[in-house]
Amino acid sequence: MKKLEELVRPNIWSLSPYTSARDEYQGKDAKVFLDANENPYNDPVNRYPDPLQRELKQRISVIKGVPADSIFFGNGSDEAIDLMYRIFCRPGIDNAVAIEPTYGMYGVCADINDVEYRRVLMDENFQPDADKLLAAVDANTKLIFFCSPNNPSGNNIDRSVIDKVLDSFDGIVIVDEAYIDFAGVPSYLRQLESRPNLIVLQTFSKAWGMAGIRLGMAFAQPEIIGIMNKVKYPYNINMLTQQRAIEEVMQHDRVKNWVDSILKERTRLMDEFRKLNCTIKVYPSDANFFLARVKDATATYNYLVDCGIIVRNRSKIALCGNSLRVTIGTAPENNALLDALKKV
Ligand SMILES: *Cc1c(COP(=O)(O)O)cnc(C)c1O
């Protein structure tokens, strides 16, 4: 890996961050807070939240087995994705490489930040080739994005490919594990200590059932987390989100039960989906959704909309012609989908 100082944009490396009142005084013992121009009424939401979310980080640190100073929280993983570009990529000069097809936000954030985004097509089983990815790299490539399990294909990406890129690429490798709880394979969090160029993304939005509170996680060695903290908005995670996440994390054994039910339903729904008249192929899934090729994706999509059932039409995505992405719901929701499709 190149030195972090060579990878980070020079203006970011030399940035002196805004220091908030809550940064300057961090203790909890004081009784009178006259430092932040808050309104003294309307307790507790009158107070600014903890800018570094210390209590939540302590709890996530225990659950994930990662030190608190290796954790970043964002307003969804999407904030962390955007920060990757803002921290590492000089607009109009640097570029990022990613597997294709994959999660759309990597490309959108690249466009927003005026960063060239190089898509490296996977094979028909949605597996990338490490040599092709590395061949797309040049001296200005700062980031390589993996998503495993991948969205929209649903499969785990071959670990040997990710490992080879981690070994060979001298920039930052991002492994988005939004669906890792469904995947049945170990997380890349276990490689964090030995890999200074690795950033792992996870989220509260999928298995943890909290898409509505907007909370995403990034894990990396403390030097990178420190730079992310310096660039983010000072109070990027609001108080209500922090409180609710702490309450939910205290009962996080529920997540395992949800995942177990979703995995059972995944097997059942995919088996039934295979038997439908409209189905050509159901792709294997390691996530809480699956991709299916059907005879006419747009017709099936529109028919389902008329039935009040919404799936995702992925027909226009590379390698996904006539494909629908179906999220696993509750048993009654999945039955509603199957019943509707059995009628066509
Ligand atoms: C859903 C999803 C996310 C989660 O995004 P949030 O902003 O945390 O809700 C991240 N990556 C991928 C690949 C996803 O599909």
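Of all residues in the stretch 54-79, those being within 16 Å of the ligand (Cβ to nearest atom) and of a type in the set (Val, Ile, Thr) number 2.
Of everything in the stretch 89-102, what is more than 16 Å from the ligand (Cβ to nearest atom) and surrounded by fewer than 24 Cβ atoms within 10 Å (Cβ to Cβ)? Give them in sequence order.
Here is the first cut: in the stretch 89-102, the ones more than 16 Å from the ligand (Cβ to nearest atom) are 89-95, 97.
90, 91, 92, 93, 94, 95, listed by residue number.
Contact map, the stretch 208-227: residues that are at positive phi paired with residues that are part of a loop (DSSP other than H, G, I, E, B), Cβ distance under 6 Å, separation 6+ or inter-chain. Pairs shown: 214/75; 214/76.
Here is a yes/no grid of residues against (1) assigned to a strand (DSSP E or B); (2) within 10 Å of the ligand (Cβ to nearest atom); (3) of a type outside the set (S, T, N, Q); (4) touching a Ser or Thr at 6+ places or on another chain (Cβ under 7 Å):
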| site | (1), (2), (3), (4) |
| --- | --- |
| 185 | no, no, yes, no |
| 193 | no, no, yes, no |
| 196 | no, no, yes, no |
| 205 | no, yes, no, no |
| 212 | no, yes, yes, no |
| 217 | yes, yes, yes, yes |
| 224 | no, no, yes, no |
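When we screen 126, 145 for residues that are within 15 Å of the ligand (Cβ to nearest atom), outside any loop (DSSP other than H, G, I, E, B) and touching a residue at least 12 places away in the same chain (Cβ under 8 Å), the only hit is 145.
Go through the stretch 226-344 and tell me which strands (runs of 3 or more DSSP E), entirely inside it, have 3 or more residues that are under 26 Å from residue 209 (Cβ atoms) and touching a Lys or Arg at 6+ places or on another chain (Cβ under 8 Å).
Numbers: elements: 279-282, 289-294, 323-327.
The strands (runs of 3 or more DSSP E) meeting that bar are 289-294, 323-327.
Return a yes/no flag: does the stretch 155-164 have any residue that is away from the ligand (no atom under 16 Å from the Cβ) and of a type in the set (A, V, I, L, M, F, W, C). Yes, because at least one residue in the stretch 155-164 is away from the ligand (no atom under 16 Å from the Cβ) and of a type in the set (A, V, I, L, M, F, W, C). Residues in the stretch 299-320 that are closer than 26 Å to residue 123 by Cα and out of contact with any strand residue (DSSP E or B) (no Cβ under 8 Å at 6 or more places or on another chain): 316 only.
Name the residues in the stretch 191-207 that are free of Cβ contacts under 8 Å to residues at least 60 places away in the same chain and among the basic types (Lys, Arg), would you? Walk me through it before giving the result.
So the first thing to find is which residues in the stretch 191-207 are free of Cβ contacts under 8 Å to residues at least 60 places away in the same chain, and the list is 191, 193-195, 198, 200, 204.
195 - this is the single residue of the stretch 191-207 that is free of Cβ contacts under 8 Å to residues at least 60 places away in the same chain and among the basic types (Lys, Arg).
Summed over the stretch 165-180, residues that are part of a helix (DSSP H, G or I) and either within 15 Å of the ligand (Cβ to nearest atom) or at pLDDT below 95 (or both) total 1.
A single entry from 307, 278 fulfils the requirement of being over 21 Å from the mean Cα position of the chain (by Cα), surrounded by 17 or more Cβ atoms within 10 Å (Cβ to Cβ), within 18 Å of residue 344 (Cα to Cα) and not aliphatic (A, V, I, L, M): 278.
Only one of (1) part of a loop (DSSP other than H, G, I, E, B); (2) within 21 Å of the chain's Cα centre (by Cα); (3) farther than 25 Å from residue 170 by Cα fails for residue 32. Which number is that? Looking at each condition in turn, residue 32 falls short on (2). For residue 82, the criteria (1) part of a loop (DSSP other than H, G, I, E, B); (2) within 15 Å of the ligand (Cβ to nearest atom); (3) without any contact (Cβ under 8 Å) to a residue 40 or more places away in the chain hold in every case but one, which is (1). Of the numbered criteria (1) without any contact (Cβ under 8 Å) to a residue 60 or more places away in the chain; (2) touching a strand residue (DSSP E or B) at 6+ places or on another chain (Cβ under 8 Å); (3) part of a helix (DSSP H, G or I), the one residue 97 fails is (3).
The values are calculated or read from the model by the stated rules, or taken from the named source; none is laboratory data. Everything numeric here is computed off the predicted structure, so don't read it as measured data. Backbone-built Cβ (ideal geometry, glycine too); neighbour counts: all protein chains shown.
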